[in-house]
Amino acid sequence: MTSLHPRSNDQLAAIVGRLALAIALIVAAVLPLGYSILKYRDLADYLNLMAEVKAGATARTLITTNPELWPYQVQRLEELLSAEPILLESEAANIRDAKDNVLAKMGRSPDPPVLRRSRAVHESGRVVGRIEVERSLRGLFYGTAIAAVLGLLLGAAVFITLRVLPLRALRRVTGALEQEVRQHELAAERAEYLAYYDSLTALPNRSMFSKLLNQAIRLARRDGKQLAVLFVDLDRFKNINDTLGHEAGDLLLQEVAKRLQACLRESDTVARLGGDEFVVLLPALHDVADVEVVAHKILAATGKSFVALGQEFRVTASVGVSTFPKDGDDEQSLMKNADIAMYQAKEDGKNHFQFYSAQMNTNSFERLALESSLRRALDHGEFQLHYQPKIDARSGAIVGIEALLRWQHPELGMVAPTQFIPIAEETGLIVSIGKWVLKTACTQNVAWQKMGLPRLHIAVNLSRRQFSDEGLLRDVTSILEETGMSADLLELEITESTLMHDVDKAISTLKAFRDMGVRLAIDNFGTGYSSLSNLEQFPIDTIKIDGSLIHDLSNHAENRGIAEAIIAMGRNLSLTVVAECVETQAQADFLREHACDEFQGFYFSKAVTADKFAELLEARTTAAEEV
Ligand SMILES: Nc1nc2c(ncn2[C@@H]2O[C@H](COP(=O)(O)OP(=O)(O)OP(=O)(O)O)[C@@H](O)[C@H]2O)c(=O)[nH]1
Ligand SMILES: [Mg+2]
């Protein structure tokens, strides 16, 4: 296909033209030349014949005549000549004697140039004279001239035919081929478009962005300039798809694409990486402060309301920024770090922008490492449960247990739950980890009872994801069956924020547990989600005052007020009120004074292993018996 270059077409046309000219010239030359050669030959043959005939006739006459007398017989000779075929006007015939003198002549001397042919006349074996026939060549010249004109005309016709027709055919063929080539080019352009552009928004895609970014990095490096990469991800975009449908989601993405383009300069690039994720390149930055201006513009542009399918709604975006050369000097690190910064912006509450910092990377590396080892932790038996006693505020006896998850990482040592629970929650691993916790706690409690230790209820924490997991009720039921622990010995602790997430669903789940006989506690109570008044609607047995309130009891009158109110209300609702994180005598005294039911905290005991807990329980039981 590439051989159909316009230049090669021109070359072909030139060759055809030259060939046509050569053939036309040959035709133009051959016609007069052929004519003149043939005519000349005819003429020469004719003159030869004439001379022959006349010579024969003359010789016959001479047989009866004495050549010596010839000069006197001119009359007779002329008669001889004219007795032969009539000469044309342009022809003449002569009789010459042996000395070449003209003896007799017939006809007017023809106009020059003249073609002559002669024959010797013999007499008794001796040449006695010659017969000469001549003819003017002018006729031949005129004929040749006419043939030349005709030749030229024919040559011209040949030239035109040979030159125009093949070119027209060539043009037809090349036209068809060019069309085919064009179609191929269009298909190639389309393929290139699909390879480098996003079909939904018509923005450049990841591959195109990668090219542009690499180019911009090279230029910035050469010119000693900076550049910025901004990752833009819409916040809670899934909600839009879920509530308004995928089609509205698509319209929104298209609108966001337009708005992003509109708030950028022509030299900037915006691309769609996929889903609700866009990326912006600000090349050749003079000042990093300019990035903030653009980031604000992006947030403002996405934050304005949208109308889709007749409904008005809003979305926000989170933006992460990395700059060259500070945060990375190649495509990969700039993209990764902008992504990390964007993640951080999401973590920090979304709807804002965040510049990358090296600290984030450490966090995300750690996070990544934790995530992958967390996946193996269950199979490798790296989880343990520690048990913390709940103490009766008045008697000081152990009246309950809380099972607390610990992760003994093979390299990192003990990993705090605050570090890994959010990851387990996000990755969904929490569901299987949660089942393990439940089963282990129940098994352990049953084992202690078999050892003759008191019958205590054991509390297990449920995370938000576990609580909303469809299989939770089924799992709890089967674990109780498997381990043989009585349902009334199990207490499930759910945080206040989990309950408030979807109140109706929470109430129905809690009721189902209540029907099974399982106890329910609200954990971390008092951190501000629910008002005390709506506590009534939840079928619960226990509220646990959040540790942060207890911690600041002595310094904050406000906290003391809240704690007092919680305890009072708990009593009103006949709930058991447990104070978490009790660490000092003063805290214990205050709580006891206000009739808090149970304590948990370092003041009595930290969370310990199963063996230690058994010892603790045994010691307390013995002490109580002795009293
Ligand atoms: N309508 C539409 N939705 C898409 C498209 N591609 C991906 N999505 C959806 O976009 C959502 C992107 O999810 P995320 O950005 O991870 O989640 P999010 O809901 O925006 O939450 P955050 O970003 O964490 O605030 C997913 O629900 C995808 O199903 C698309 O082409 N059209
Ligand atoms: Mg998103």
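Brief remarks follow.
- Taking the longest Cα principal axis of the chain as reference, the axis of helix 358-377 is set at about 80 degrees.
- Computed [θ] at 222 nm, helices only, for the chain once each DSSP H run of length n ≥ 4 contributes -39500 (n - 2.57): -18000 deg cm²/dmol
- Over the range 369-626, Cα pairs under 8 Å with separation of 6+ residues give a relative contact order of 19 percent.
- Segment Arg221..Thr443, full-extension length gain: 73.6 nm, with 0.36 nm per residue of separation and the alpha-carbon distance subtracted.
- Once the C-beta distance of Leu49 and Ala13 is scaled by a Förster radius of 30 Å, the resulting FRET efficiency is 0.05 to the nearest 0.05.
- Residue-count net charge about Leu186 - beta-carbon cut-off 14 Å; Lys, Arg +1, Asp, Glu -1: -3
- GluC sites (Glu not before Pro) within the range 509-602, DSSP loop, no more than 12 other Cβ atoms inside 10 Å: none
- Environment charge at Ile507 (Cβ cut-off 13 Å; Lys +1, Arg +1, Asp -1, Glu -1): -1
- Here the gap between Arg138 and Glu366, fully extended at 0.36 nm per residue and compared with their Cα-Cα distance, gives a gain of 70.7 nm.
- FRET efficiency, Glu192 to Ile23 (Cβ-Cβ, R0 51 Å, nearest 0.05): 0.65
- Fully extending the segment from Leu153 to Thr477, taken as 0.36 nm per residue of separation minus the present Cα-Cα distance, adds 105.5 nm.
- The angle separating the long axis of helix 557-572 from the principal Cα axis of greatest extent in the chain is about 80 degrees.
- Partner aspartates and glutamates whose Cα lies under 16 Å from the Cα of Lys225, excluding those fewer than 8 positions away in the same chain, are identified as Asp268, Asp287, Asp290, Asp327, Asp329, Asp330, Glu331.
- Percentage relative contact order, the chain, counting C-alpha pairs under 8 Å, at least six apart: 8 percent
- If both residues of a DSSP beta bridge must be in the chain, then about 70% of such bridges are antiparallel.
- Relative contact order of the range 84-154, pairs being alpha-carbon contacts under 8 Å that are 6 or more residues apart, as %: 31 percent
- Listed by chain and number, the aspartates and glutamates placed with their C-alpha closer than 17 angstrom to that of Lys105 are Glu52, Glu78, Glu79, Glu84, Glu89, Glu91, Asp97, Glu132, Glu134; residues fewer than eight positions away on the same chain are left out.
- Pairs beyond 18 Å (Cα-Cα), from Lys390/Lys544; Lys390/Lys450; Lys390/Lys505; Lys258/Lys304; Lys439/Lys612; Lys435/Lys505: Lys390/Lys450; Lys390/Lys505; Lys439/Lys612; Lys435/Lys505
- The GluC sites (Glu not before Pro) of the range 395-496 that DSSP puts in a loop, and whose beta carbon has at most 15 other beta carbons within 10 Å, are Glu411, Glu470.
- C-alpha long axis of helix 417-427 to longest principal axis of the chain, angle in °: 40 degrees
Every number in this text was worked out from the coordinates using simple rules, so none of it is lab data. Bear in mind that the values here come from a model prediction, so they are computed numbers and not experimental data. Quick reminder, even Gly has a Cβ in these numbers, built from the backbone with ideal geometry, and neighbours come from all protein chains shown.
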